[in-house]
Amino acid sequence: MAVSELTLDEAKAQAQAMELEIAGLVPSEAVVSVDQMPKGTLFSCSETEWTWYGATTVTVVEGTDIEAIVRSIQAHYAGGRFEMRTRLNISDHLEVHLMSSEMAENYIVSEGVAPDEIRIASGSECFTLPEGTWTRGAF
């Protein structure tokens, strides 16, 4: 996995921008709200590298066919810069995983916790933090 020269703030901003790009693919007539978590957490890529994880939740009109929307998002990114995997998650809902083949950057799109939600989870590219940076907590 390659390491980018991004800072934490740049990696977070790119991941959050991509979350909103994906959220923008949900038909506007189905969207009730888009709620992006302002903070996320850090996970290690290696002993010296980190990735930022966050999420955005799109609340949709009751009765919306979420699986059809997830499939349309899958079709949108097919053949693009992401490798793609699909699976049924623990709740038996379709989950589309978009993964960069060169960086740790990844996005998971699926039905959310509630039946009227689409969850877009993100992981940024790997980056190096300045020495001595505290890595626990919300960022």
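The values are calculated or read from the model by the stated rules, or taken from the named source; none is laboratory data. Everything quoted here is computed from the prediction, not taken from an experiment. Here the Cβ positions follow ideal geometry from the backbone for every residue, glycine too, while neighbour counts run over all protein chains shown. Heads up: the accessible areas ignore ligands, DNA and RNA and are worked out on the full protein's heavy atoms, side chains in. Shrake-Rupley method; radii C 1.70, N 1.55, O 1.52, S 1.80 Å.
Below are the figures for this structure:
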{"quantity": "Coil-residue trypsin sites (Lys or Arg not before Pro) of segment 72-111, DSSP, other Cβ within 10 Å capped at 14", "calculated": "Arg81"}
{"quantity": "FRET efficiency for Leu88 and Met37, using Cβ-Cβ distance with R0 set to 30 Å, rounded to 0.05", "calculated": "0.75"}
{"quantity": "Residue (of Ala78, Thr57, Phe139) at the positive-pole extreme of the chain, dipole from beta-carbon charges", "calculated": "Phe139"}
{"quantity": "Helix axis angle, 66-77 relative to the chain longest principal axis, alpha carbon, degrees", "calculated": "50 degrees"}
{"quantity": "Normalised alpha carbon radius of gyration of segment 84-125 [divisor 2.2 N^0.38 Å]", "calculated": "1.20"}
{"quantity": "Taking the C-alpha atoms of the chain, convex hull volume expressed per residue in Å³", "calculated": "108 Å³"}
{"quantity": "Cβ charges +1 (Lys, Arg) and -1 (Asp, Glu), total dipole of the chain, debye", "calculated": "120 debye"}
{"quantity": "Highest to lowest packing among 127-137, 20-30, scored as the average C-beta count within 10 Å", "calculated": "20-30, 127-137"}
{"quantity": "Taking the C-alpha atoms of segment 45-114, convex hull volume expressed per residue in Å³", "calculated": "107 Å³"}
{"quantity": "Rounded D (µm²/s) - segment 1-48, Kirkwood Rh over Cα pairs, Stokes-Einstein at 37 °C, 0.692 mPa s", "calculated": "252 µm²/s"}
{"quantity": "Accessible area per residue in Å² at 1.4 Å probe, computed on the chain", "calculated": "56 Å²"}
{"quantity": "Nearest-ten-degree value, helix 8-23 long axis tilted from longest Cα axis of the chain", "calculated": "10 degrees"}
{"quantity": "Carbon + sulfur, % of accessible area of the chain - ligands and nucleic acids excluded, 1.4 Å", "calculated": "52 percent"}
